[in-house]
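Colleague: Please read through the structure below; I'll follow up with questions.
The values are calculated or read from the model by the stated rules, or taken from the named source; none is laboratory data. Just so it is clear, the structure is predicted and the values come from calculations on it, not from any experiment. Neighbour counts are summed over all protein chains in view; Cβ atoms, including those assigned to glycine, are modelled from backbone coordinates with ideal geometry.
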Amino acid sequence: MVVTDAMALDVEHAAALVEACADGTHLVLLADPAEAPSAGPGQVAADLVASRTVAVAELPAAAKPGPLDELAARVAGGELGEVSAPEREVVVVPAGSGEEAAHRALQLITDSIPRALSVPAAETQIVAATRGGEAGTDALNAACKAHFNAGPGVYNGVDPGDRVLLAADGPGYAAGDVGYLREGADGGLTVELPDGTSAAVADAAHLRPGWAVTVAAAHGGHWPAVIAVFGPETRGSRPQVYTAGTRSLRHLSIVHAAGPALAQAVRETPSIPRHTRLVQILREG
């Protein structure tokens, strides 16, 4: 069994994964050590490597890295700078305030990216560094909902037709999944997931607005186009910026209102410290 984006695995989900494997199963975790640790407790992939109890192999880099790969490599090395992107794979959009950053992000998802790059809004995800502030996910979600699907928010703040983030595990879905909320003929709610499947929502309390998600919630997700928003309130780190910048498959717009503090964070904050007992437990068998 091969699990991609394994840095997103927290302790609870990793334990459930191992328990679900039959005897004799070979479990392979593909993880990028430059990414931030999981949204939930633990840092399973990093602890497994540190324990030296499992086989570890480093995969070779892409033979012909593109602008997205080059940006990721620079950030991983502690440098936040522009890269050559002749096909507009990476675009930096400066903003002087949180309000302007939110305005630019809304322009990008509603007009600029669909028009200039032919990537529809439904395939473009906003990833913000914070929840609060004028450029945080709360404000961005409110603006996107007003534009795309204005409504009363009858189901925990969202309505059928909204892009939603699933904030807890349920039958057929997991915390962190993003999709579109649909209302069935029987009155039940389902979420249409990016792979074309639909999952019945076990509890409306699991639903959150999903037009914009935090870096932690975006962990493990990938979209054709991503708008990474860093407002003035951002107190970032290298793994946070790296994770936000590597969610995109084709195009990345960086809306930047954090000033020189963001480059300083990438340069001087190379990790997000976490204290766990997993390394010791694995070594003790």
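Colleague: Pull out all pairs, ordered by first then second residue, where Cβ-Cβ is under 9 Å, the residues are six or more apart or on different chains, the first lies in region 26-41 and is of a type in the set (S, T, N, Q), and the second is in a loop (DSSP other than H, G, I, E, B).
Modeller: Taking only residues 6 or more apart or on different chains, the pairs are SER38/LEU9; SER38/ASP10; SER38/HIS219; SER38/GLY220.
Colleague: Scan (1) surrounded by 14 or more Cβ atoms within 10 Å (Cβ to Cβ); (2) touching a strand residue (DSSP E or B) at 6+ places or on another chain (Cβ under 9 Å); (3) outside the structural domain of HIS222 (by TED's automatic domain parsing) for the single condition ALA168 breaks and write down its number.
Modeller: With respect to (1) surrounded by 14 or more Cβ atoms within 10 Å (Cβ to Cβ); (2) touching a strand residue (DSSP E or B) at 6+ places or on another chain (Cβ under 9 Å); (3) outside the structural domain of HIS222 (by TED's automatic domain parsing), ALA168 is out only on (2).
Colleague: Keeping to region 160-188, report how many residues are in contact with a Lys or Arg (Cβ under 7 Å, 6 or more places away or on another chain) and part of a strand (DSSP E or B). Explain how you work it out, then say what you get.
Modeller: We begin by selecting, within region 160-188, every residue in contact with a Lys or Arg (Cβ under 7 Å, 6 or more places away or on another chain); these are 160, 162, 164-165, 167, 178, 180.
Then keep just the ones that are part of a strand (DSSP E or B); that gives 164-165, 178, 180.
Result for region 160-188: 4.
Colleague: Output the residues belonging to region 218-252 that are under 23 Å from ARG208 (Cβ atoms) and among the polar types (S, T, N, Q).
Modeller: Matches in region 218-252: THR234, GLN240, THR243, THR246, SER248.
For every residue, the table says whether it meets (1) at pLDDT below 95; (2) under 17 Å from ALA139 (Cβ atoms).
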| position | (1), (2) |
| --- | --- |
| ARG208 | no, yes |
| VAL213 | no, yes |
| PRO232 | no, yes |
| ARG235 | yes, no |
| VAL241 | no, no |
| SER253 | no, no |
| GLY259 | yes, no |
| GLU268 | no, no |
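Colleague: Which of the residues spanning region 1-52 are in a helix (DSSP H, G or I) and touching a Pro at 6+ places or on another chain (Cβ under 8 Å)? Steps first, please.
Modeller: Residues of region 1-52 in a helix (DSSP H, G or I): 6-8, 11-20, 44-51.
Those that are in a helix (DSSP H, G or I) and touching a Pro at 6+ places or on another chain (Cβ under 8 Å): MET7, VAL11, GLU12, ALA45, ALA46, VAL49.
Colleague: For the condition touching a His at 6+ places or on another chain (Cβ under 9 Å) and either under 30 Å from PRO273 (Cβ atoms) or of a type in the set (Asp, Glu) (or both), what is the one hit in ASP23, ASP5, ASP10?
Modeller: Values: ASP23 fails: touching a His at 6+ places or on another chain (Cβ under 9 Å); ASP10 fails: touching a His at 6+ places or on another chain (Cβ under 9 Å).
Only one candidate qualifies: ASP5.
Colleague: If you don't mind, there's one more thing I want to ask. What is the residue count in region 209-233 for residues that are surrounded by fewer than 24 Cβ atoms within 10 Å (Cβ to Cβ), touching a helix residue (DSSP H, G or I) at 6+ places or on another chain (Cβ under 8 Å) and not hydrophobic (A, V, I, L, M, F, W, C)?
Modeller: Residues meeting the conditions: 6.
Colleague: Given the conditions (1) over 22 Å from the mean Cα position of the chain (by Cα); (2) of a type outside the set (D, E, K, R); (3) within 15 Å of ILE281 (Cβ to Cβ), which single one is not true for PRO41?
Modeller: So PRO41 meets the others, but not (1).
Colleague: Specify the residue that is surrounded by the most Cβ atoms within 10 Å (Cβ to Cβ); the eligible residues are those in region 16-25 that are of a type in the set (A, V, I, L, M, F, W, C) and touching a residue at least 12 places away in the same chain (Cβ under 8 Å).
Modeller: We begin by selecting, within region 16-25, every residue of a type in the set (A, V, I, L, M, F, W, C); these are 16-18, 20-22.
Right, trim to touching a residue at least 12 places away in the same chain (Cβ under 8 Å) and you get 17, 21.
Values: LEU17: 16, CYS21: 11.
Only one residue fits best here, namely LEU17.
Colleague: Only one of these is without any contact (Cβ under 8 Å) to a residue 60 or more places away in the chain, buried (at least 17 other Cβ atoms within 10 Å of the Cβ) and either not aromatic (Phe, Trp, Tyr) or not assigned by TED's automatic domain parsing to the domain that holds THR243 (or both): ALA128, ALA121, ALA116, ALA101. Name it. If you could, list the steps in order and put the result at the bottom.
Modeller: Numbers: ALA128 fails: without any contact (Cβ under 8 Å) to a residue 60 or more places away in the chain; ALA116 fails: buried (at least 17 other Cβ atoms within 10 Å of the Cβ); ALA101 fails: without any contact (Cβ under 8 Å) to a residue 60 or more places away in the chain.
Of the residues listed, the single one that is without any contact (Cβ under 8 Å) to a residue 60 or more places away in the chain, buried (at least 17 other Cβ atoms within 10 Å of the Cβ) and either not aromatic (Phe, Trp, Tyr) or not assigned by TED's automatic domain parsing to the domain that holds THR243 (or both) is ALA121.
Colleague: State the number of residues belonging to region 46-65 that are crowded, with 17+ Cβ neighbours inside 10 Å and out of contact with any Leu (no Cβ under 6 Å at 6 or more places or on another chain). Outline the logic, then answer.
Modeller: First, the residues of region 46-65 that are crowded, with 17+ Cβ neighbours inside 10 Å: 46-48.
Add one more test, that the residue is out of contact with any Leu (no Cβ under 6 Å at 6 or more places or on another chain), and what stays is 46, 48.
Residues in region 46-65 being crowded, with 17+ Cβ neighbours inside 10 Å and out of contact with any Leu (no Cβ under 6 Å at 6 or more places or on another chain): 2 in total.
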